[in-house]
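Below: the structure, in structure tokens.
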Amino acid sequence: MISFLKNGNLLYRTMKKVLFVIPHPDDEIVGSCILIKDFLKKKKVSIVFLTNGVISPNTNWLWNRKNYKKEVSIRYQEMLKSLANLGVNDFFLQDIPTRTLKSNIDKSYIYLKEIILNKNIDTLFCPAYEGGHQDHDVTNFIVSKLKSHCKVFEFPEYNFYGQTINSNTFFYKNGTEIVIDLDNNQKLFKTKSMNIYKSEKKNLKYINLKQECFRPLASYEYSSPPHDGVLFYRRYSLFSWHPRVDNNSPIDICNEIRNSKIFNK
């Protein structure tokens with residue numbers, strides 16, 4: 001593993017206009033808070049959110065479906081506070097529910113490509129293909145198809161490799177990783193940043209504040225799940241009837257990816 005001090009400056013000089021491709025409002029904090037705030041603080045950073053972070057009404061409890069717009073509004077306000085906290089004022093939001101990105105792969109690819117061309121983006125960051133959330137994995141796939149336009153990097157958020165919750169670390173390392181060890185001030189800042197997303201408080205308890213890291217996008221076989229074990233978003237599969245539990249199988253997600261128009265692009 002390459003240390004930040006050894007190789008960070010070299011990569012830093014190649015980045016000018018950076019776009020973070022973020023699946024949900026809060027992933028910019030979970031996976032890349034200090035990366036955005038400190039490492040890239042002198043760069044032009046934009047963020048695009050590919051979903052609004054709220055499950056669609058038809059997957060929620062019957063009695064709670066009427067609150068969809070309210071929940072989207074709450075998440076949107078949290079997102080605005082998060083962006084202000086990070087010092088990022090250029091952002092885009094694709095207003096579709098979480099867990100529906102797999103049905104919007106080709107549309108999202110076109111959406112991202114237009115932003116890249118209009119903003120002259122030279123560098124992309126996205127979550128790793130690690131099975132943390134289906135939208136993270138789909139985002140990684142979509143961004144992989146934009147390598148001819150930009151340099152592409154990925155950052156880990158969380159996974160369940162080895163039947164253990166791991167955060168901010170790649171379960172498979174290839175030697176190109178850049179590690180940012182968080183000092184006390186950075187840990188405090190990240191804690192404050194996560195606390196902005198009060199609506200996601202129950203889902204952020206497992207995040208480790210030890211480090212953040214990133215690397216050039218690895219090569220993945222997207223027609224197969226990220227690893228052979230139970231994926232993070234399926235660890236409570238026995239309770240798939242509950243709205244908070246993703247009831248999509250990893251194979252279903254891979255099939256959606258494989259059936260997209262851009263799969264063989």
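Of all residues in region 244-265, which are assigned to a loop (DSSP other than H, G, I, E, B) and surrounded by 13 or more Cβ atoms within 10 Å (Cβ to Cβ)? Show your work before the answer.
Our first condition is that a residue be assigned to a loop (DSSP other than H, G, I, E, B); within region 244-265, this holds for 244-249, 259-265.
Result: 245, 246, 247, 248, 249, 260, 262, 263.
What residue, among those in region 38-73 that are among the small types (Gly, Ala, Ser) and closer than 25 Å to residue 106 by Cα, is surrounded by the fewest Cβ atoms within 10 Å (Cβ to Cβ)?
Step one: list which residues in region 38-73 are among the small types (Gly, Ala, Ser), which gives 46, 53, 56, 73.
Of the ones still in play, those that are also closer than 25 Å to residue 106 by Cα are 46, 53, 56.
Numbers: 46: 18, 53: 26, 56: 16.
Taking the candidates together, the pick is 56.
Is there any pair with a first residue in region 217-238 that is farther than 17 Å from residue 127 by Cβ and loosely packed, with under 13 Cβ neighbours inside 10 Å and a second that is at pLDDT 95 or above and aliphatic (A, V, I, L, M) whose Cβ atoms are under 8 Å apart and which are 6 or more apart or on different chains, and what are they?
Once the first residue is farther than 17 Å from residue 127 by Cβ and loosely packed, with under 13 Cβ neighbours inside 10 Å and sits in region 217-238, its partners that are at pLDDT 95 or above and aliphatic (A, V, I, L, M) give 223/257.
Being over 18 Å from the mean Cα position of the chain (by Cα), of a type in the set (Gly, Ala, Ser) and closer than 22 Å to residue 211 by Cα is the requirement here; does residue 31 meet it?
Working: over 18 Å from the mean Cα position of the chain (by Cα): no; of a type in the set (Gly, Ala, Ser): yes; closer than 22 Å to residue 211 by Cα: yes.
Answer is no for this residue.
Can you tell me which of 177, 200 is among the charged types (D, E, K, R), within 15 Å of the chain's Cα centre (by Cα) and under 28 Å from residue 108 (Cα atoms)? Can you show your working first?
Values: 177 fails: within 15 Å of the chain's Cα centre (by Cα).
Testing whether each residue is among the charged types (D, E, K, R), within 15 Å of the chain's Cα centre (by Cα) and under 28 Å from residue 108 (Cα atoms) leaves just 200.
Inspect all residues belonging to region 108-125 and state whether any of them is under 27 Å from residue 245 (Cβ atoms), touching a residue at least 24 places away in the same chain (Cβ under 8 Å) and hydrophobic (A, V, I, L, M, F, W, C). Before the answer, list the steps.
Let us first name the residues in region 108-125 that are under 27 Å from residue 245 (Cβ atoms), namely 108.
Okay, now just the ones that are also touching a residue at least 24 places away in the same chain (Cβ under 8 Å), so 108.
Next, from what is left, pick out any that are hydrophobic (A, V, I, L, M, F, W, C): none.
Looking for residues that are under 27 Å from residue 245 (Cβ atoms), touching a residue at least 24 places away in the same chain (Cβ under 8 Å) and hydrophobic (A, V, I, L, M, F, W, C), one finds none in region 108-125, hence no.
Residues in region 48-67: is at least one at pLDDT 95 or above, out of contact with any Leu (no Cβ under 8 Å at 6 or more places or on another chain) and over 24 Å from residue 243 (Cβ atoms)?
No: region 48-67 contains no residue that is at pLDDT 95 or above, out of contact with any Leu (no Cβ under 8 Å at 6 or more places or on another chain) and over 24 Å from residue 243 (Cβ atoms).
When the residues of region 101-143 are narrowed to those that are aliphatic (A, V, I, L, M) and out of contact with any Leu (no Cβ under 6 Å at 6 or more places or on another chain), which ends up farthest from residue 236 (Cα to Cα)?
Quick first cut of region 101-143, residues aliphatic (A, V, I, L, M) only: 101, 105, 110, 112, 115-117, 121, 124, 128, 138, 142-143.
After this cut, where a residue has to be out of contact with any Leu (no Cβ under 6 Å at 6 or more places or on another chain) as well, the list is 105, 110, 112, 115-117, 128, 142.
Working: 105: 26, 110: 34, 112: 32, 115: 36, 116: 37, 117: 41, 128: 21, 142: 27 Å.
My answer is 117.
If you go through region 167-217 one residue at a time, how many are of a type outside the set (A, V, I, L, M, F, W, C) and either in a loop (DSSP other than H, G, I, E, B) or touching a Pro at 6+ places or on another chain (Cβ under 8 Å) (or both)? Break it down into steps so the answer makes sense when it comes.
Of all residues in region 167-217, those of a type outside the set (A, V, I, L, M, F, W, C) come to 167-169, 172-177, 181, 183-187, 190-193, 195, 197-203, 205-206, 208, 210-212, 215-216.
The next check asks that each one be either in a loop (DSSP other than H, G, I, E, B) or touching a Pro at 6+ places or on another chain (Cβ under 8 Å) (or both); those that pass are 167-169, 172-177, 183, 197, 205-206, 208, 210.
Number of matching residues: 15.
For region 64-162, please list each of the helices (runs of 4 or more DSSP H) lying entirely inside it that holds at least 2 residues being more than 21 Å from residue 259 (Cα to Cα) and of a type in the set (Asp, Glu). Step through it out loud before you land on a result.
On the way: elements: 68-86, 105-119, 134-144.
Result: 68-86.
The values are calculated or read from the model by the stated rules, or taken from the named source; none is laboratory data. Note that the coordinates shown come from a computational prediction; the quantities given were computed from them, not determined experimentally. Reconstructed Cβ throughout: ideal geometry from the backbone, glycine too, with neighbour counts over all protein chains shown.
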